[in-house]
Amino acid sequence: SKIRNQYRALNGLIVNGPDTANLARLIRNSVDERGKVRDEADENLPKLRVEIQKLIQQRSKKFDLIAESMHNKGVLQQRQPVQRAGKLLLAVKATHAGRAGGAIHERSQSGDTIFVEPTAIMELSNRVAETEFRIKRIEERVFRDLSLAVLRRQDDLLIVNDIICK
């Protein structure tokens, strides 16, 4: 090809250097251009990523129904959810704290509003957090395995680097 002809000398040097194609293939198959772990890197990732999207959608729908009902009863300061530490919370008027039906996470500085996670949402939120944790553990393992693979080939990579930088 045109590029191969243009860089014939460099190509010749690289071809005579250590073969790192398998390592490059492993990295390309494990991580995308943005550094995100690909589904193909672990057999469990696709299933977990689909599961988390379903759980988030279920939680969102259930939250919307609860928020709509509480808003219609005049219990909320605002209809929109408040997100704190990955949890969806309702901004409940402090005067209606007893009608909130959930765990209080925060109170506004003025004291007029309490932020409540509805009981009906807690189980789904816990399942989302658990699934996120499982995904993160797999991604960390993939990065650790890639790091070890690169470390094992450190000498060869240094040789290739020297060839390229001549």
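For the range 51-82, a tally of residues being more than 17 Å from G101 (Cβ to Cβ) and either open to solvent by less than 80 Å² (accessible area, probe 1.4 Å) or touching a strand residue (DSSP E or B) at 6+ places or on another chain (Cβ under 7 Å) (or both) returns 6. Could you please let me know if L146 is open to solvent by less than 70 Å² (accessible area, probe 1.4 Å), aliphatic (A, V, I, L, M), assigned to a strand (DSSP E or B) and touching a strand residue (DSSP E or B) at 6+ places or on another chain (Cβ under 9 Å)? In short, no. Check the range 139-161 and report whether any residue there is on the phi > 0 side of the Ramachandran plot and at pLDDT 85 or above. Scanning the range 139-161, I find no residue that is on the phi > 0 side of the Ramachandran plot and at pLDDT 85 or above, so the answer is no. Does at least one position in the range 5-13 carry a residue that is open to solvent by 100 Å² or more (accessible area, probe 1.4 Å), modelled with pLDDT under 95 and of a type in the set (A, V, I, L, M)? No - not one qualifying residue is present in the range 5-13. Scanning the range 31-47 for residues being in contact with a strand residue (DSSP E or B) (Cβ under 9 Å, 6 or more places away or on another chain) and either open to solvent by 60 Å² or more (accessible area, probe 1.4 Å) or farther than 10 Å from E139 by Cβ (or both) gives a total of 1. The number of residues in the range 87-127 that are outside any strand (DSSP E or B), within 20 Å of D64 (Cβ to Cβ) and open to solvent by 30 Å² or more (accessible area, probe 1.4 Å) comes to 9. Against the condition within 15 Å of the chain's Cα centre (by Cα) and open to solvent by 50 Å² or more (accessible area, probe 1.4 Å), how does E140 come out, does it pass? Taking the combined requirement at face value, the residue satisfies it.
The values are calculated or read from the model by the stated rules, or taken from the named source; none is laboratory data. It should be emphasised that the depicted structure is a prediction, and the values quoted were computed from it without experimental measurement. Neighbour counts are summed over all protein chains in view; Cβ atoms, including those assigned to glycine, are modelled from backbone coordinates with ideal geometry. Just so you know, the surface numbers come from the protein's heavy atoms only, side chains and all, with ligands and any DNA or RNA stripped out. Shrake-Rupley method; radii C 1.70, N 1.55, O 1.52, S 1.80 Å.
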